[in-house]
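These notes are about the structure you will find just below.
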Amino acid sequence: MYYFLLLQTDSFTGKNMNTSLHLNRRRLLQQMTAITLGSIIAPSTTFARQYNDLVTDNTDPIYIPPGEGKKGTVGEMEIVFKLNKQQTNTHLGVWESVIQPGELGAPPHFHSTYDEICRVKEGSIFIMTGDTVTEVKAGGWHLRPKGVVHTFWNSGATSATTIDMCIPGGHEDYMQELAALFENNNRPKPEDMKKLSEKHDIHYRYDLLESIMKKYNVKL
């Protein structure tokens, strides 16, 4: 349409059609090239800037001795934080959890931007993803994909220890901020949970909570 309008303009001015056509074609190509380059370069530059803001370019090895790491609790669940996104160039976060018998690890929820992987070290836990419930025993691995509602619990007679990972990293920040709300025997308020969920891509399904606790005889 733009090319057709250029031809119309030349017909009204009475300029030499061949000369005008050549100039207009050249002008059109120049403008199209500028638009195309702008659409490619500008988003790429923005992405690079945003990515560089996050990446720490850490190349140093990291050793965490057994039992070491920042410790916290969420309800009755004990957590030891191992690696965070700053240490892994945003690629992942890692923590260990000890889940007590009869404990639900979290209200049912989902994330839009990261996956979670769980490896059970000791005991066993049940993980619900969508409508599927899987028992994961010691040595087993389980992936909770982003976008799928999930929760987990310990129905056994002994505590269960898990290694949890989020890919890419970031969910460990939420877990640390959540653990801080439980310090000094405190409990987070609904407005605290709402603020954290909006900040860290947690989408809770509280409408499913009561039925899960009753069906599997677990508490939060």
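Scan the range 70-99 for residues that are of a type in the set (Val, Ile, Thr), farther than 29 Å from GLU210 by Cα and out of contact with any helix residue (DSSP H, G or I) (no Cβ under 9 Å at 6 or more places or on another chain) and the total you get is 1.
The strands (runs of 3 or more DSSP E) found entirely in the range 72-158 that carry 1 or more residues being small (Gly, Ala, Ser) and either in the same structural domain as LYS199 (by TED's automatic domain parsing) or modelled with pLDDT of 95 or more (or both) are 93-99, 124-129. Quick one: would you say SER197 is at pLDDT 95 or above, in the same structural domain as HIS91 (by TED's automatic domain parsing), among the hydroxyl-bearing types (Ser, Thr, Tyr) and not in a strand (DSSP E or B)? No: the conditions fail for SER197.
Filtering the range 165-220 to residues that are among the aromatic types (Phe, Trp, Tyr) and within 15 Å of HIS150 (Cα to Cα) leaves TYR204, TYR206, TYR216. For GLY102, the stated conditions hold: it is more than 22 Å from the chain's Cα centre (by Cα) and within 16 Å of LYS215 (Cβ to Cβ). On inspection, GLU172 fails the criterion of being within 18 Å of HIS109 (Cα to Cα), of a type outside the set (A, V, I, L, M, F, W, C) and free of Cβ contacts under 8 Å to residues at least 12 places away in the same chain.
The values are calculated or read from the model by the stated rules, or taken from the named source; none is laboratory data. As the structure is a prediction and not an experimental result, all values here were calculated from the model. All Cβ positions, even for glycine, are placed from backbone atoms using ideal geometry, and neighbour counts span all protein chains on display.
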